[in-house]
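Below is one structure, written out as structure tokens; the observations come after it.
The values are calculated or read from the model by the stated rules, or taken from the named source; none is laboratory data. Predicted model, so just to flag it, every value in this text is computed and none were measured. With ideal geometry, Cβ positions are generated from the backbone for all residues, glycine too; neighbour counts draw on all protein chains shown. Areas reflect the complete protein model, heavy atoms only, side chains present, ligands, DNA and RNA absent. Shrake-Rupley method; radii C 1.70, N 1.55, O 1.52, S 1.80 Å.
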Amino acid sequence: MKNKIRWLYVILGILIFICLGTVYSWSIFKKPLEKALGLNSTQSSLPFMTFLAFYAFLMPLGGKLISKYSPKIVLIIGSLLVGLGWLGSAYSKNIFMLTVTYGVIAGSGVGIAYGVPIGVVSKWFPDKKGLSLSILLSGFGMSPFVTAPIAKKLIDIYGVFTTFKILGIIFLIILIILSLPFKFPNENININSEGFYSLSPKEMLKNYRFYILWICFAIATFVGLMIIGITGPMGEDVVGIPSTTMALYVSLFSIFNGIGRPLFGYLSDKLGASKVILLSYTLIFFASLSILFFNKGSILLFVLSFIIFWMNFGGWLSIAPTLTSKFFGPKYYSENYGIVFTAYGIGAILGNLTSGLAKDLFGSYRFVSYPILILIIIGIILSRFINKTSNA
């Protein structure tokens, strides 16, 4: 019976992550907001960038709250912030207000709530941690498969600000209801039974493998979050794909985002750190090169390259936690990964600023290819040092 009950937390967690992961549908909101508020590309990226930054930087706080309060309470707090942030966005009159409501408030809510399903599921599945977490995390990556078409339809019918209101009410109700069953198992799990040495956060920060992993993760999120934020505008403006069709493509890409998590988690175990990083970066390198050849009507090239981008971004959200556990052990995993995850926030900020500036200064998102290629080369070089300093 208990074996069946624990899978309920995976299912509930997937549903929660589908709601929280709506941020990956931001490209559907981007152009309508630019039109409604008279924004340029850099300005319209600010709420998305701020959301991802607060999501990343509030994760360590969420981990500490879980150790003091019940998972249900922490999840409800995060859910309230998410719902209120989306609702507040419906009444935003300018980009500053929207950045505060959507970026700061909703982003903080996701940061606080995100670690709860992961923490609960990992405790319920000490024997199948990799399988259960990869299934759980696929919900966040595949969120746009569900939310992008819904958001597009709502925007077409009601407008972008009413859509914020509708989704805010839906998220508030659904997330709070889904939060109620969450709890840790009654029995204590011996976290040291896995036979790993463990480094505390302070010890980890003295280990230079942390800095290599952090930079590699930051590069991957710089690329992935930048691409996710401009997927819609890139397809519409550069390739000439209609907005309705583009929403369907975002849903397709989100499937590969979800697939990338268990796929690269598996590859991390099989290939080791340096080889899986090299594989990911090589794929991203060729996808970035293909951007330079985008023209009106080059739909197949666009779809294939963006499948690679989205899949690799999802993959890094499996690579990073897997390597964090492998390098630094399981005992302080939640705190350590919260620190590693700050790379996600830095990548979000720099990636979105870069894409906005590329469009505003050079007139096309095609120019994002150049900084991506440079960073990928740096990442490939750094990955060789991980190989030399680790048995992974």
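Multiply the residue gap between L271 and T245 by 0.36 nm, knock off their C-alpha separation, and tell me the result in nm, one decimal place.
5.6 nm
Under a crude label model (7 Å from the Cα following the beta-carbon direction), how far is K183 from L361 in nanometres?
It works out to 5.6 nm between the two label points.
Which order do the peptides 65-71, 286-292 come out in when sorted by mean C-beta neighbours inside 10 angstrom, highest first?
The peptides rank, most packed first, as 286-292, 65-71.
Quick one: check the C-alpha center-to-center distance for region 1-51 versus region 220-245, whole angstrom.
15 Å
So if we plug the beta-carbon distance of K4 and T282 into 1/(1 + (r/R0)^6) with R0 = 25 Å, what FRET efficiency do we get, rounded to 0.05?
With R0 = 25 Å, the Cβ-Cβ based efficiency is 0.05.
I'd like to compare 250-261, 153-164: which one has the highest average count of other Cβ atoms within 10 Å, and what's the full order after that?
250-261, 153-164
For the chain, with every protein chain kept in place, what is the accessible area per residue (1.4 Å probe, Å²)?
Ligands and nucleic acids excluded, the result is 40 Å² per residue.
Just grab the label-to-label distance for I170 and K202, each label 7 Å out from Cα along the Cβ direction, in nm (one decimal).
4.8 nm
Carbon and sulfur atoms: what percent of the 1.4 Å accessible area of the chain do they account for?
Ligands and nucleic acids excluded, carbon and sulfur reach 69 percent.
For region 185-310, compute the orientation-averaged projected area of the C-alpha convex hull (one quarter of its surface), in nm².
10.9 nm²
222 nm [θ] for the chain, helices only, -39500 (n - 2.57) per DSSP H run of 4+, per residue, to 500?
About -26000 deg cm²/dmol.
Take the alpha carbon gyration tensor of region 102-188, find the square roots of its eigenvalues, order them as a ≥ b ≥ c, and report rounded if a/c is under 1.5; if not, report prolate when a/b exceeds b/c, else oblate.
Note, shape of region 102-188 comes out prolate.
Order of 87-94, 202-209 by packing, highest average Cβ count within 10 Å first?
87-94, 202-209
Could you give the C-alpha radius of gyration of region 272-392 expressed as a fraction of 2.2 N^0.38 Å, taking N as the number of residues it contains?
Compared with the compact-globule rule of thumb, region 272-392 sits at 1.19.
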